[in-house]
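Please treat every number below as a calculation from the coordinates, not as lab data. Just so it is clear, the model here is predicted, and its values are computed rather than measured. Neighbour counts are summed over all protein chains in view; Cβ atoms, including those assigned to glycine, are modelled from backbone coordinates with ideal geometry.
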Amino acid sequence: MSFVVSFSLHLELLMNSSETDKNAAVRTVFFVSDGTGLTAESYGKSLLAQFPELEFVTVTLAFVDTQEKARLAGDQINMEKTRSGFRPVVFSTLVDEVEQAIIECCSACVINLFHAFLGPLENCFGVESAHTQGMSRTVLGDKSYLLRLDAIDYSLAHDDGVRPDQYYEADVILVGVSRCGKTPTSLFLAMNFSLKASNYPLTEEDLENDSLPDSLMKYKHKLFGLTIKPVPLSRIRRKRRPGSDYASLSICQREIAIAGAMFEQANIPVFDTTETSIEEIAGNVVRALGISRERSGYV
């Protein structure tokens, strides 16, 4: 927690520089990494959440593992400064000092997350760190990495009610009406917690009954209901099917009410996705399951 507070204060000071009318602009944030960028995104978005009054557009520059790629990334960051007139914010997890130096030469607010942590750890342990690209995966071990890939593969193959006959393999099953956030939450659980997450959309036929389908109830210990407020749901559905009954407010209200009654009858945990981030929803699911992050090899 102390790291988050100190980083948040540092970011606030940097962003409150000589630029004017910051609150009126959409700020661009880059996540730069020599790997997938997931670590930079996770840390960076946690810090950005401390500035709810600001609006951000995020860009992930992954696999920046050569000096040439670092220069190209730097060019993109500088182009954004020229375009918008505001210094972009850059969260970097580059460990190569030359590549990091290239990024730090950009006209941007650059925060290297690894360097901020590695210095204190080196002092604590009395040894120098490896400063090796991709080391996070090596330290965690191939077993945990393969576990995560297997979970992602399962979640993609069992999205939107596909293959319910294989739900016995699932670690978690998300159920709810269409467009309430089941798919992104499932993928987040797979990618960040190595959980085989499937999701089941309640169909019109399902909603004509008084209880959840038997195919789900036999896995009640894995079931989690997702709900959402009617107005936001209607708005989301209109973007997909404008002018349809599917997107009408009355249909959304009806489906949500029936689904809620089903969840209550089944006595399963329910999470509202209306104003809750995917990260928070996934965290709530994991806590309810009693599973620690160490399951996926992450700290």
Reach of Lys81 by Cα under 16 Å, taken over lysines that are not fewer than 8 positions away in the same chain: Lys22
Hits among lysines - C-alpha to C-alpha of Lys143 under 28 Å, sequence gap 8 or more where chains match: Lys45, Lys182, Lys196, Lys222
Loop GluC sites (Glu not before Pro), the stretch 134-223, which have at most 15 other Cβ atoms in a 10 Å radius of their Cβ (DSSP): Glu204, Glu205
Order of Met262, Met191, Met79 - criterion: other Cβ atoms within 10 Å of each residue's Cβ, fewest first: Met79, Met191, Met262
Spin-label model distance (nm) - Asn267 vs Ser42, 7 Å beyond Cα toward Cβ: 3.5 nm
Contour minus Cα-Cα distance for Arg235 and Ser129 (0.36 nm per residue): 33.2 nm
Loop-located trypsin sites (Lys or Arg not before Pro) in the stretch 200-299 whose Cβ has at most 13 other Cβ within 10 Å (DSSP): Lys218
FRET efficiency estimate (nearest 0.05) - Cβ-Cβ, Leu156 to Leu207, R0 35 angstrom: 0.85
Inter-part distance where the stretch 245-274 and the stretch 137-213 are each reduced to a Cα centre, Å: 19 Å
Inter-site label distance for Val98 and Thr66 at 7 Å from Cα along Cβ, in nm: 1.2 nm
Protection proxy ranking, peptides 63-69, 226-232, 49-55, 180-186, average beta carbon neighbours within 10 Å, highest first: 180-186, 226-232, 63-69, 49-55
